[in-house]
Amino acid sequence: MKTVNHWIGGKTVVGASGNYGPVTDPATGEVTTQVALASAEEVDAAVQVAKEAFLSWGQSSLAARTKVLFAYRALLDANRDAVAELITAEHGKVHSDALGEVARGLEIVELACGITTQLKGELSTSVSNSVDVAAIRQPLGVVAGITPFNFPAMVPMWMFPLAIACGNTFVLKPSEKDPSASNKLAELMAEAGLPAGVLNVVHGDKVAVDALLAHPDVAAVSFVGSTPIARHIHTTASANGKRVQALGGAKNHMLVLPDADLDAAADAAVSAAYGSAGERCMAISAVVAVGSIADTLVDKIRERAEKIKIGPGNDPTSEMGPLITAAHRDKVASYVKGAAAQGADVVLDGTGYTVEGKENGHWIGLSLLDNVRTDSDAYRDEIFGPVLCVLRTETYEEGVALINASPFGNGTAIFTRDGGAARRFQLEIQAGMVGVNVPIPVPVGYHSFGGWKDSLFGDHHIYGNDGIHFYTRGKVVTTRWPDPSDAPAGVDLGFPRNH
């Protein structure tokens, strides 16, 4: 059986704890790999390696850093398929979706390649006689990333390229459910010329996470995952004096107004709800249909959903793959099975779906629930699977009020032909990312990603300018270089004067 070990100090390090976790092929249900689970001592070893590497990397030139990143960008581009195959094998998503994930990660690598302009400081000359003031940004030191199973390549690349470009060293703790992609990313970084110890990958479970959160030499923690864990990460790491950005869960809504192009809205709803089997924090999981269009919209969504081909991720004809684990599949199915008792109309029930010859895979079909109540479990919880809820309101105002009442505020979208309504929606909706006739408004790399309310804990969004600010801290330097002809100023006990 294949074993995934740690990557520390630029090389593979065999796990020493004796603990291993299973890695399953979601399409077959078979355990294909085991992953080493680090002890607190192994986490400390990785942090110490990163701390030692920071002594030189933190002082390295921007030219040296960007040289490595440009080489990494080229290697990652050349190895897209190899990374995508690892994602499909362990996560289950179809190959085209995995390739899209790698492409979105590449955007942040490209942003990091251009870090030189983002790290420019500010200078004010002659603020007083012979006095200049400069503002600069400097790296933090050792920073850590804790990433989820649903995007095993993209989310780590939302973190470590920028952190490293800013002069930090990095310890990554990826999901133990699909760990191989992270090791491949680190190996490519080493091949690109990154010095040993700058990027380290430590696999593990809660033991490893808690060790990172408590470690005195870790200056900052980035996290993406569920809201309960994000809240725990933020509370614990902050209590230990760390800077934290913790992105949590979501219940993303799509408001469809009566004037919308219903075919376009139905296409968008199916793509956004069921893409990547619904295992993404930006999935549309609730459609809010306004007025008389609801019946027609539900019919159009159903017609499209029934045509989606579900199968193994390495089958080019598959449009949706299995879920990550059998336990998660069963949890997702439980929401559909209990929906009718909580007042919903089950338009499509995908809980009995299976694939011939691969019956032990973690399969589930597409489910569509109509007339869902806001007090039902299917609406209140983040299901994280291919289940779309439809809620109905009579007016735009009711729809906005319904969305704003949600404890989540990650992303949301409106479908309309009315520019005035779209403008109101942008300003009135309480969410961090908004789409207008765009169902999944994930920002490009040079704009930051992050939500509001229970979808984000901490002050900084991820990547973009917020990411660069998160991985650096500001310093202001005031200098005076008297002219050689100036006489000594003498002693002045008064408050410093600017003029």
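Between Leu212, Thr33, Gly385, the Cα set farthest toward the positive side of the dipole of the chain (charges on each charged residue's Cβ, about the Cα centre) is that of Leu212. Of the trypsin sites (Lys or Arg not before Pro) found in the stretch 241-350, those that fall in a DSSP loop while having at most 14 other beta-carbon atoms within 10 Å are Lys307, Lys309. For the stretch 107-182, dividing the convex hull volume of the Cα atoms by the residue count gives 93 Å³ per residue.
Note on the chain: the alpha carbon radius of gyration divided by the globular reference 2.2 N^0.38 Å gives 1.07.
Rounded, prolate or oblate: which fits the stretch 358-486, taking a ≥ b ≥ c as square roots of the Cα gyration tensor eigenvalues, rounded meaning a/c under 1.5, else prolate when a/b beats b/c? Prolate is the answer for the stretch 358-486, as a/c is 1.5 or above and a/b outweighs b/c. Distant-in-sequence amide contacts of Val35, defined by a placed amide H-H separation under 5 Å and a gap of 5 or more residues or a different chain, comprise Val4, Gly21, Val23. Taking every Cα-Cα distance in the stretch 192-267 and sorting them into 5 Å bins starting at zero, the pair-distance distribution P(r) comes out as 3, 12, 17, 16, 11, 8, 8, 6, 7, 7, 3, 0 percent. Working note: 222 nm ellipticity from helices only, DSSP H runs with n ≥ 4, each -39,500 (n - 2.57), summed and divided by the residues of the chain, gives -11000 deg cm²/dmol to the nearest 500. Using bins of 10 Å that start at zero, the share of Cα-Cα pairs per bin across the stretch 225-345 amounts to 11, 31, 32, 18, 7, 1, in whole %. About its Cα centre, the dipole of the stretch 182-268 is roughly 560 debye, where the only charges are +1 on Lys and Arg Cβ and -1 on Asp and Glu Cβ. Think of the chain as having a plus end and a minus end, set by charges on the Cβ of Lys, Arg, Asp and Glu; of Ile308, Val442, Ala89, Val442 sits farthest toward the positive end of this dipole. Taking every alpha-carbon pair under 8 Å whose residues sit at least 6 apart, the stretch 261-310 reaches a relative contact order of 47 percent.
Straight-line reach from Lys11: taking Cα to Cα under 13 Å and skipping same-chain neighbours fewer than 8 places apart, the aspartates and glutamates in range are Glu187, Glu191. The residue list Val244, Gly411, Ala45 was ranked by how far each Cα lies along the charge dipole of the chain toward its positive end, using unit charges on Cβ atoms, and Ala45 comes out on top.
For the stretch 137-236, the convex hull spanned by the alpha carbon atoms encloses 99 Å³ per residue. Each Lys and Arg Cβ is given +1 and each Asp and Glu Cβ -1; about its Cα centre, the stretch 385-499 then shows a dipole of about 160 debye. Each residue of the stretch 315-327 is assigned a 3J(HN,Hα), and the resulting list reads 8, x, 8, 6, 9, 9, x, x, 8, 5, 9, 5, 5 Hz, derived from the Karplus form 6.51 cos²θ - 1.76 cosθ + 1.60 (θ = phi - 60°), x at Gly and Pro. Counting pairs of alpha carbon atoms under 8 Å apart in space and at least six apart in sequence, what relative contact order in percent does the chain give? Once divided by the residue count of the chain, the mean separation gives 18 percent. Peptides 111-117, 445-451, 90-96 ranked from most to least packed, by the mean per-residue count of other Cβ atoms within 10 Å: 90-96, 445-451, 111-117.
For the peptides 471-483, 127-139, the ranking by packing is 127-139, 471-483, with the highest mean count of neighbouring Cβ atoms within 10 Å listed first. Surface composition of the chain: carbon plus sulfur atoms hold 52% of the accessible area, using a 1.4 angstrom probe and ignoring ligands, DNA and RNA. Our estimate of slack between Trp481 and Trp452, defined as 0.36 nm per intervening residue step minus the Cα-Cα distance, is 5.8 nm. The charge dipole of the chain, taken about its Cα centre with unit charges on the Cβ atoms of Lys, Arg (+1), Asp and Glu (-1) only, comes to about 1100 debye. Each residue of the stretch 440-455 was assigned a 3J(HN,Hα) from its phi angle through the Karplus curve 6.51 cos²θ - 1.76 cosθ + 1.60 (θ = phi - 60°); the sequence is 10, x, 6, x, 5, x, 8, 10, 7, 9, x, x, 10, 6, 7, 9 Hz, with glycine and proline shown as x. Remark on Phe170: its backbone amide H falls under 5 Å from those of Val143, Leu199, Asn200, a criterion applied only to residues 5 or more positions apart or on other chains, H modelled at 1.01 Å from N. Taking the Cβ of Val347 as the centre, find all other residues whose Cβ is under 14 Å away and add up their charges (Lys, Arg: +1; Asp, Glu: -1). Here the charged neighbours net out to -3. Residue-normalised convex hull volume from the C-alpha trace of the stretch 253-308: 64 Å³ per residue. Counted by Cβ distance under 14 Å from Ala265, the other residues give a net charge of -4, where Lys and Arg count +1 and Asp and Glu count -1. Prolate is the label for the stretch 88-127, because the ratio a/c of its alpha-carbon gyration tensor axes (a ≥ b ≥ c) is 1.5 or higher and a/b is greater than b/c. The phi torsions of the stretch 31-44, fed into the Karplus equation with coefficients 6.51, -1.76 and 1.60 and a -60° offset, translate into couplings of 7, 9, 8, 10, 10, 5, 10, 6, 7, 4, 5, 5, 4, 4 Hz, rounded to whole numbers, with Gly and Pro shown as x.
A prolate overall shape is assigned to the stretch 263-414, the ratio a/c of its alpha-carbon gyration tensor axes (a ≥ b ≥ c) being 1.5 or greater and a/b exceeding b/c. Listed cross-link partners Lys307/Lys331; Lys177/Lys251; Lys177/Lys309; Lys177/Lys331; Lys300/Lys337; Lys2/Lys177 are compared with a 21 Å cut-off, the Cα-Cα value being larger for Lys307/Lys331; Lys177/Lys251; Lys177/Lys309; Lys300/Lys337. Here the spin labels are modelled as points 7 Å beyond Cα on the Cα-Cβ line, and at Ala327 and Ile136 they lie 4.9 nm apart.
When peptides 11-24, 189-202, 224-237 are ranked by their average number of other Cβ atoms within 10 Å per residue, the highest-first order is 189-202, 224-237, 11-24. Between 0 and 90 degrees, the angle of helix 62-78 with respect to the longest Cα principal axis of the chain falls at about 20 degrees.
Averaged per residue, the chain has 41 square angstrom of accessible surface, using a 1.4 angstrom probe with ligands and nucleic acids left out.
The values are calculated or read from the model by the stated rules, or taken from the named source; none is laboratory data. No experiment lies behind these values; they were computed from the predicted model shown. Cβ: placed from backbone, ideal geometry, glycine included. Neighbour counts: every protein chain shown. Note: areas computed on protein heavy atoms with side chains; ligands, DNA, RNA excluded. Shrake-Rupley method; radii C 1.70, N 1.55, O 1.52, S 1.80 Å.
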